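A short write-up of the structure that comes next.
The values are calculated or read from the model by the stated rules, or taken from the named source; none is laboratory data. Here the structure is a predicted model, which is why all the values come from computation and not from measurement. Backbone-built Cβ (ideal geometry, glycine too); neighbour counts: all protein chains shown. Areas reflect the complete protein model, heavy atoms only, side chains present, ligands, DNA and RNA absent. Shrake-Rupley method; radii C 1.70, N 1.55, O 1.52, S 1.80 Å.
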Amino acid sequence: MNDVLEQIVARTRQRLAGAAVDVEDVRLAAREQARRRTPHAFSSALRANGVNVIAEIKSASPSAGSIVPDPKVEEIAAEYARGGAAAISIVTEPEFFLGSREWIARAKESANLPVVMKDFIVEPSQLLTAAAAGADAVLLLASLLSSKQIARFIELLDEFAIDALVEVHDEAQLDRAIEAGSRLIGVNNRDLRTFNVDLATAEKLAKRMPADVTRVAESGIRNRQDVDRLRNAGFHAFLVGESLLRQNDRAAAVRSLVRRDE
């Protein structure tokens with residue numbers, strides 16, 4: 001891990017150690033959400049015909065700095081839905097990305113789309129709080145977890161009909177994801193060590209993925225040409241964040257990715 005990633009993980013562990021969480025209360029809330037949730041709605045949305053865009057809401061990032069200070073979550077989510085997004089990604093890490101788990105319910109209510117929670121998951125308790133917050137999917141970073149941990153976390157999420165989107169960046173991480181039985185695998189085109197972005201990363205790793213895996217391309221996707229390039233490599237969905245958030249008309253920006261130019 002690079003220095004920034006190590007800092008994020010260290011602070012995450014510190015927050016978890018200092019949090020006073022009643023696990024049984026959280027588990028009860030998670031079960032209540034499971035009764036309301038359409039089982040595995042996120043993965044179903046990514047397998048629909050056409051271009052499936054996962055449009056992201058985040059306030060900031062270590063690589064980009066401030067993106068949308070104090071984002072109007074409901075407004076942005078509704079814009080994404082009007083543009084034809086298949087799902088929404090919410091970055092909930094509170095210190096380095098200035099996110100919040102509260103945004104999940106707000107986005108779902110506004111857009112009526114499945115939501116994936118993006119955070120730095122290192123403990124099972126985080127999965128329970130994600131389930132209680134209403135997430136339809138949770139991002140798991142293969143860079144932080146062993147194949148056994150990934151498999152265990154997928155099993156826990158399955159209890160609540162929640163999808164695990166397992167993110168990889170290189171062959172070793174992909175091997176761990178496959179060994180764990182991951183059904184959704186996202187390739188982050190951004191190297192978290194250097195922050196360099198290269199769409200060829202996704203193209204390379206796609207060749208090694210099992211045929212039955214739902215494939216998600218993440219980072220560096222800016223236009224329909226990028227989408228078509230990655231679709232040709234076998235990807236089913238495309239996670240796009242900063243390039244959408246910085247647009248004045250976010251609905252039109254999503255629409256430009258989803259629809260072909262006439």
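Brief remarks on what is shown
- Accessible surface, per residue, of the range 1-63 when the full set of protein chains is kept, probe 1.4 Å, Å²: 55
- What you get for the range 1-94, charging only the Cβ of Lys and Arg (+1) and of Asp and Glu (-1), is a dipole of about 380 debye around the Cα centre.
- For residue 239, solvent-accessible area (1.4 Å; no DNA, RNA or ligand), Å²: 10
- Per-residue ellipticity at 222 nm from helix content only, as computed over the chain with -39500 (n - 2.57) for each DSSP H run of at least four residues, stands at -13000 deg cm²/dmol.
- Two-site FRET efficiency, residue 48 against residue 211, from Cβ-Cβ distance with R₀ of 25 Å, rounded to 0.05: 0.85
- Highest-fluctuation residue, 23, 138, 51 considered, GNM on the chain with Cα pairs under 10 Å: 23
- Between 216, 91, 21, the residue with the greatest mean-square fluctuation in the GNM of the chain (Cα pairs under 10 Å linked by springs) is 21.
- For the chain, the carbon plus sulfur part of the accessible surface works out to 45%, probe radius 1.4 Å.
- Selection from 135, 206, 245, by position along the positive dipole direction of the chain (Cβ): 206
- The chain: most fluctuating residue of 215, 106, 193 per GNM, C-alpha cutoff 10 Å: 193
- Surrounding net charge for residue 251, when Lys and Arg each add one and Asp and Glu each subtract one, Cβ distance under 9 Å: +1
- Estimated distance in nm for a label pair at residue 31 and residue 14, the labels positioned 7 Å out from Cα along Cα-to-Cβ: 3.6
- Shape category assigned to the range 52-93 from the gyration tensor of Cα positions, a/c cut at 1.5: prolate
- Pair residue 82, residue 204: separation of 7 Å Cα→Cβ label points (nm): 4.1
- Debye, to nearest 20: dipole size of the range 186-262, +1 on Lys, Arg Cβ, -1 on Asp, Glu Cβ: 60
- The relative contact order of the chain comes to 22 percent, based on Cα pairs under 8 Å that sit 6 or more residues apart.
- Against the empirical curve 2.2 N^0.38 Å, the C-alpha radius of gyration of the chain lands at a ratio of 0.93.
- Taking amide H atoms as placed 1.01 Å from N in the peptide plane, the amide H of residue 186 lies under 5 Å from those of 166, 167, 168, 216, each 5 or more residues away in sequence or on another chain.
- Probe 1.4 Å, protein heavy atoms only - accessible area per residue of the range 76-142 in square angstrom: 29
- The string of couplings for the range 219-229 from the Karplus curve (6.51, -1.76, 1.60, θ = phi - 60°) is 6, x, 9, 10, 8, 5, 5, 5, 4, 4, 4 Hz, one whole number per residue in order, with x for Gly and Pro.
- Residues residue 171 and residue 109, FRET efficiency given R0 of 51 Å [Cβ-Cβ distance, rounded to 0.05]: 0.80
- Placing +1 on each Lys and Arg Cβ and -1 on each Asp and Glu Cβ, with no other charges, gives the chain a dipole about its Cα centre of roughly 520 debye.
- Gap separating the Cα centres of the range 43-68 and the range 75-137, nearest whole Å: 10
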